[in-house]
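In what follows, a single structure is set out as structure tokens and then discussed.
What follows is calculated from the coordinates using simple rules that are stated; it is not laboratory data. Not measured: the values here are computed from a predicted model. Neighbour counts run over all protein chains shown; Cβ positions are idealised from the backbone, glycine included.
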Amino acid sequence: MSHPSEAQKFIKNENRVNWHDESLWHVREKRDKAANLFPEWEQLREKASQIKAHSLSRLDHYLEEFEKNATANGIKVHWANDAIEHNEIVYNIFREHGVKRIVKSKSMLTEECHLNPFLEKHGVEVIDSDLGERIVQLAKETPSHIVLPAIHKKRMEIDELFQKHLHTQPSNGDAIYLTAAAREHLRQKFMKADAALTGVNFAIAETGEFVVCTNEGNADMGVHLAPLHIASMGIEKMIPRYEDLGVFIRLLARSATGQQVTTYTSQFRKPREGTELHIILVDNGRTVQLGREKYRRSLHCIRCGACMNTCPVYRRSGGHSYQSVVPGPIGSILSPGIDMKKHASLPFASSLCGSCSDVCPVKIDIHQQLYAWRQDITRETNEEPSKKFSMKLAGWLFTHPNLYRKAGKFGRKALKILPRWMVYNSLNAWGKQRELPEPPKQSFQEWYQQNRQKNG
Amino acid sequence: MGKADILKAIKKNRPEELPIPSLDFPASTGQDLKMLFQERLSAGGGEVIFAKDSLEAEELVKKQVGDYQYVAGAFEKLNTLDLSAIHDPHELELLDLAVFEGILGVAENGAIWVNEDTLVHRAAPFITQHLVLLIREDQLVDKMHEAYKRLRTQDYGHGVFIAGPSKTADIEQSLVIGAHGPKSLLVIMLPPSQD
Amino acid sequence: MHIGLFIPCYVDQFYPQAAIATLELLEKLGHQVSVPPDQTCCGQPMANSGYERYARQTMELFVENFAEYDYVVAPSGSCVYHVRKHYDTIEQTSEVLKIREKTLDICEFLVNHSTTDSLKSSFPYKVGLHQSCHGQRGLRFAKSSEVVGEPFSIVRQLLDKVEGIELIDLQRADECCGFGGTFAVAEEAVSVKMGKDRIQDHILNGAQVITGTDMSCLMHMEGIIRRRKLPLRVMHICEILNHSEQHEPSI
């Protein structure tokens with residue numbers, strides 16, 4: 001159940017991998033184009049990073065300021081220590097209002113809290129209204145990407161899925177037809193929903209408002225029709241000033257999809273007349289991460305997904321191979337903080353190429369944190385004793401130059417004379433699909449002794 | 001309960017206070033904002049038409065109306081639905097075309113800010129099948145920084161930047177216009193205000 | 001100015017020709033170069049695998065071996081990156097601090113601390129440049145494709161001096177090849193797929209030779225090239241810079 005074995009399964013179908021890789025690379029290219037449209041991109045990233053770092057350093061203050069201002073605006077503010085508390089708060093509000101059917105727009109936090117199964121257990125119908133999320137919901141899967149939840153699904157699979165659940169005609173994967181069918185299906189759900197749930201992209205302390213960004217308009221369709229709106233927010237989404245939004249809104253969509261801005265940037269300050277607006281501020285491990293200096297910056301994340309689109313490993317292993325709510329590079333530094341043992345393989349699911357850190361709009365040093373998690377994981381879990389042993393051995397060998405030279409000579413000789421089956425077998429992961437280097441007669445050191453040393 | 005625990009944990013775990021940056025981004029780049037606006041909104045799937053006055057704008061909207069049965073918004077003569085007479089937003093489901101005056105437009109991304117003062121119903125610009133927004137050239141700013149400077153003093157319960165028709169690319173990354181909300185967005189750009 | 005030449009362990013054992021080219025280049029340009037005999041490894045293989053603690057003594061040995069030199073030069077952005085970036089976990093003696101400052105990849109050294117006019121390299125082939133990540137994004141040899149700004153590349157700057165060379169453009173200018181140290185075996189399937197895709201990009205754009213600043217990436221790609229009998233080969237950038245009509249490489 002580790003990343004390598006899941007990735008290997010995904011890679012078996014090479015055409016599909018190529019398709020997945022190309023789709024996401026295309027998004028990365030669109031992001032590059034958008035970022036290169038004006039000269040202050042890097043300055044924006046720097047400011048965004050500084051704002052987030054500052055916010056985190058005064059998070060208690062800003063959360064209280066937000067609560068005060070939001071409450072004055074008529075928003076009901078709740079606090080949840082963890083997923084269980086969050087889900088209970090949601091359900092209690094629903095119970096008070098007799099809620100039976102809800103529509104939900106994209107919220108990675110509610111995925112993190114496993115809210116859907118919780119509500120369904122209590123007899124509440126939950127409809128994910130983002131098209132991609134609806135697709136994975138109908139397929140009984142989880143999102144494989146935080147911005148493009150159904151990026152792993154081929155159009156024909158969606159066609160079949162919709163035939164089964166939405167009674168569409170076979171359309172050979174016609175995206176326009178399928179989207180129109182989903183539109184009709186979801187309109188009915190919007191019209192009947194007793195409540196609407198959304199996530200939060202940003203919350204502003206000084207005005208007590210919050211912002212939800214979508215392209216489909218599904219969040220707005222839900223909340224402006226239903227008599228009850230609950231927004232769930234991780235506490236790290238707090239920003240201090242109204243003007244800070246300018247920085248983040250400029251970065252978010254460009255980083256995520258290469259659009260100049262999402263179609264809708266919807267800002268909520270007061271409940272609609274005659275309705276209720278609730279916001280739940282959720283910790284669920286974030287304060288712990290805040291205390292880990294090495295990993296603190298992971299809380300800057302604005303969930304744009306750019307690190308996934310750029311990650312050469314993610315593109316070739318698929319989001320599900322990470323087996324974590326947030327996949328990809330950012331998920332690989334967030335998830336071990338929640339359950340190190342379960343997610344022990346994730347920080348190793350990277351070549352440490354650093355593309356994620358360079359693409360990140362809030363300058364999270366993702367690849368440095370991956371490196372740091374590796375150190376912590378090998379120390380605190382005992383997942384791979386054989387690797388540990390070989391690393392210890394290597395460390396020892398490299399501090400004994402004489403032995404190292406002898407071992408090298410022996411190894412090269414062995415490679416030359418051993419029959420191929422002894423070198424290339426199941427124990428040699430390198431050699432499964434790659435040749436080992438041709439061993440030369442002399443190492444460089446040996447050559448040097450012979451050719452230069454005599455001259456001093 | 002939650003609040004006390006969370007605040008306590010933050011106080012224990014947060015770093016020393018770090019400075020908050022000043023946001024001094026270069027203002028207008030001397031670009032023609034209305035052309036930039038048009039370019040960027042078109043990229044987002046919207047259409048921009050320039051009108052010389054509000055009479056011409058009304059004519060343009062009239063053309064849009066065509067066979068539509070339910071029209072509401074800025075041009076009273078064209079309206080078949082009275083937004084202020086509707087109390088339950090679900091009744092807006094019928095809406096074919098809605099026309100609203102924008103408050104502010106952003107050239108760099110083709111977004112127009114509207115709020116519930118002009119929308120009457122928050123749901124209106126989302127539930128309508130087609131949307132027209134009116135904006136004057138002098139309401140354009142170059143970047144989001146300037147937009148938020150101007151919106152700072154606004155009092156609103158809900159406001160939204162709209163930068164195109166509703167869209168999705170969730171099926172194999174093919175862009176489809178008309179996900180849940182409007183299937184089209186027309187922006188009519190008017191000359192600067194005369195007063 | 002006395003240079004200590006560091007040859008990474010796997011280059012020493014498997015790619016002596018790259019090491020010799022590096023040495024000859026430096027000598028050709030008039031530098032005084034020594035090769036400390038007790039050098040082994042920079043410690044990166046253990047550290048990147050999560051065992052920094054088993055790399056400490058190796059790192060200390062590196063410092064001991066190279067403390068006396070004005071510069072430590074290595075034909076590997078990756079090892080150099082490790083020394084500069086990750087030697088912060090051993091005691092920060094003045095020697096360690098100096099080593100972290102004075103350890104350079106050969107390309108950095110040639111561009112910033114040496115004249116290269118007398119190089120006279122020629123290499124009349126179509127060459128694809130693989131931008132190894134640790135040099136590219138770690139040491140900033142070039143503007144990475146993610147970053148917005150003026151383009152530059154010290155590696156291209158050097159290759160541009162080579163007569164007859166035709167540098168091809170790639171679809172993806174600086175995507176990782178998937179070597180990644182022990183990643184290459186721990187995530188064998190992903191690693192090989194990444195390598196195949198990188199090589200394909202070079203082939204599609206007509207490269208006869210893939211070059212780069214890290215032999216490790218090239219070793220990984222060479223492994224795939226040889227297994228799949230693909231029509232191109234790999235060469236370390238120093239082998240190209242050291243290549244001229246007059247001068248046949250020593251191996």
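Remind me, relative contact order of region A:328-397 in percent, using alpha carbon pairs under 8 angstrom and six or more residues apart?
31 percent
How big is Rg to Rh over region C:132-186, alpha-carbon atoms, Rh as the Kirkwood inverse-mean-distance radius?
With Rh from the inverse mean 1/r over Cα pairs, Rg/Rh is 1.02.
Filter the cross-link list A:LYS270/B:LYS3; A:LYS47/A:LYS154; A:LYS432/C:LYS161; A:LYS409/C:LYS196 down to pairs whose alpha-carbon distance in this structure exceeds 32 Å.
A:LYS47/A:LYS154; A:LYS432/C:LYS161
For peptide C:176-183, what's the mean number of Cβ atoms from other chains within 10 Å of each residue's Cβ?
Going residue by residue through C:176-183 and averaging, the value is 5.
Report, in listed order, any pair from B:LYS63/B:LYS183; A:LYS294/A:LYS341; A:LYS392/B:LYS12; A:LYS140/A:LYS237; A:LYS30/B:LYS62 with a Cα-Cα distance greater than 25 Å.
From the list (B:LYS63/B:LYS183; A:LYS294/A:LYS341; A:LYS392/B:LYS12; A:LYS140/A:LYS237; A:LYS30/B:LYS62), the Cα-Cα distance tops 25 Å for A:LYS392/B:LYS12; A:LYS140/A:LYS237; A:LYS30/B:LYS62.
Residues with amide H under 5 Å of A:ILE279's amide H, sequence separation 5 or more or different chain, H placed in the peptide plane at 1.01 Å from N; which?
So A:ILE279 has HN proximity to A:LYS76, A:VAL77, A:HIS78, A:ALA231.
Using only Cα atoms, figure out Rg for region A:325-389 and give it as a multiple of 2.2 N^0.38 Å.
Against the compact-globule rule of thumb, the ratio is 1.11.
Project the alpha carbons of region A:318-456 onto their principal axes and report the range along each, largest first, in whole Å.
58, 40, 27
From zero up to wherever the largest Cα-Cα distance of region C:122-248 sits, split into 5 Å bins and tell me the percent of pairs in each.
For region C:122-248, the pair-distance distribution reads 2, 11, 21, 24, 21, 13, 6, 2, 0.
Whole-Hz Karplus ³J(HN,Hα) for region A:153-167, in order, using 6.51 cos²θ - 1.76 cosθ + 1.60 and θ = phi - 60°, x for Gly and Pro?
Along region A:153-167, the couplings run 9, 7, 4, 5, 5, 5, 3, 4, 4, 6, 4, 6, 9, 10, 6 Hz.
Give me the percent of DSSP beta bridges within chain A that run antiparallel, rounded to the nearest 5.
Here the share of antiparallel DSSP bridges comes out near 25 percent.
Counting other C-beta atoms within 10 Å, which of B:ASP67, C:ASP70 has the fewest, and how do the rest follow?
B:ASP67, C:ASP70
Relative contact order, percent, of chain A when contacts are C-alpha pairs under 8 Å separated by at least 6 residues?
Taking the mean separation of contacting Cα pairs over the length of chain A, I get 20 percent.
With θ set to phi - 60° and the Karplus curve 6.51 cos²θ - 1.76 cosθ + 1.60, what are the ³J(HN,Hα) couplings of region C:58-70 in order, to the nearest whole Hz, using x for Gly and Pro?
5, 5, 5, 5, 4, 4, 4, 5, 10, 4, 7, 8, 6
Please report the equivalent ellipsoid semi-axes of region A:37-108, computed as sqrt(5 x eigenvalue) of the Cα gyration tensor, largest first, in whole Å.
Three semi-axes, in Å: 33, 18, 13.
State the percent of C-alpha pairs, over all pairs in region A:277-368, separated by a distance greater than 23 angstrom.
Roughly 20 percent, rounded to a whole number.
Kindly put C:GLU52, C:GLU146, A:GLU438 in sequence by how many other C-beta atoms sit within 10 Å of each C-beta, fewest to most.
A:GLU438, C:GLU146, C:GLU52
Within the protein assembly as shown, what percent of beta bridges assigned by DSSP are antiparallel, to the nearest 5?
Taking every DSSP beta bridge within the protein assembly as shown, about 25 percent pair in antiparallel fashion.
Just report the Cα centroid separation between region C:4-41 and region B:126-182, whole Å.
About 61 Å separates the Cα centre of region C:4-41 from the one of region B:126-182.
Give me the distance between the Cα centres of region A:410-456 and region B:24-69, rounded to whole Å.
68 Å
Write out the cysteines belonging to chain A for which the nearest other cysteine Cβ is not under 4.7 Å, or none if no such cysteine exists.
A:CYS113, A:CYS213, A:CYS301, A:CYS304, A:CYS311, A:CYS360
Once Rh is set to the Kirkwood radius over Cα pairs, what Stokes-Einstein translational diffusion coefficient, in µm²/s, holds for region B:68-167 at a temperature of 10 °C and a viscosity of 1.306 mPa s?
113 µm²/s
Could you list, bin by bin from short to long, the percent of Cα-Cα pairs of chain A in 20 Å steps?
Each 20 Å bin holds this share of Cα pairs: 22, 50, 21, 7, 0.
Beyond 29 Å, what percent of the Cα pairs of region A:192-347 remain?
24 percent
Using only the alpha carbons of region A:18-73, what is the convex hull's orientation-averaged projected area in square nanometres?
6.7 nm²
Starting with the fewest neighbours, write out A:ASP82, A:ASP60, C:ASP88, A:ASP220 ranked by other beta-carbon atoms found within 10 Å of each beta-carbon.
Result, fewest neighbours first: C:ASP88, A:ASP82, A:ASP60, A:ASP220.
In Å³ and rounded to a whole number, note down the convex hull volume per residue for the Cα atoms of the protein assembly as shown.
175 Å³
Pairs of Cα atoms under 8 Å, at least six residues apart: use those to get the relative contact order of region C:111-221, whole percent.
Over region C:111-221, the number comes to 35 percent.
Output the Kirkwood hydrodynamic radius of region C:30-143, Cα pairs only, in Å rounded to one decimal.
15.3 Å
Take peptide B:115-124, look around each residue's Cβ out to 10 angstrom, count Cβ atoms belonging to other protein chains, and average those counts.
3
If the elastic network links every pair of Cα atoms under 10 Å, which of C:VAL185, C:VAL127, C:VAL148 fluctuates the most in the Gaussian network model of chain C?
Judging by the Gaussian network model, the answer is C:VAL148.
In whole Hz and in residue order, list the ³J(HN,Hα) couplings for region A:301-311 that follow from phi through the Karplus curve 6.51 cos²θ - 1.76 cosθ + 1.60, θ = phi - 60°; x for Gly and Pro.
Taking θ as phi minus 60°, the curve returns 3, 9, 6, 8, x, 4, 5, 6, 4, 8, 6 Hz for region A:301-311.
Given the options B:ILE49, B:LEU36, B:ASN13, identify the residue whose Cα lies farthest towards the positive end of the charge dipole of region B:1-52 (+1 on Cβ of Lys, Arg; -1 on Cβ of Asp, Glu).
Most positive-ward Cα: B:ASN13.
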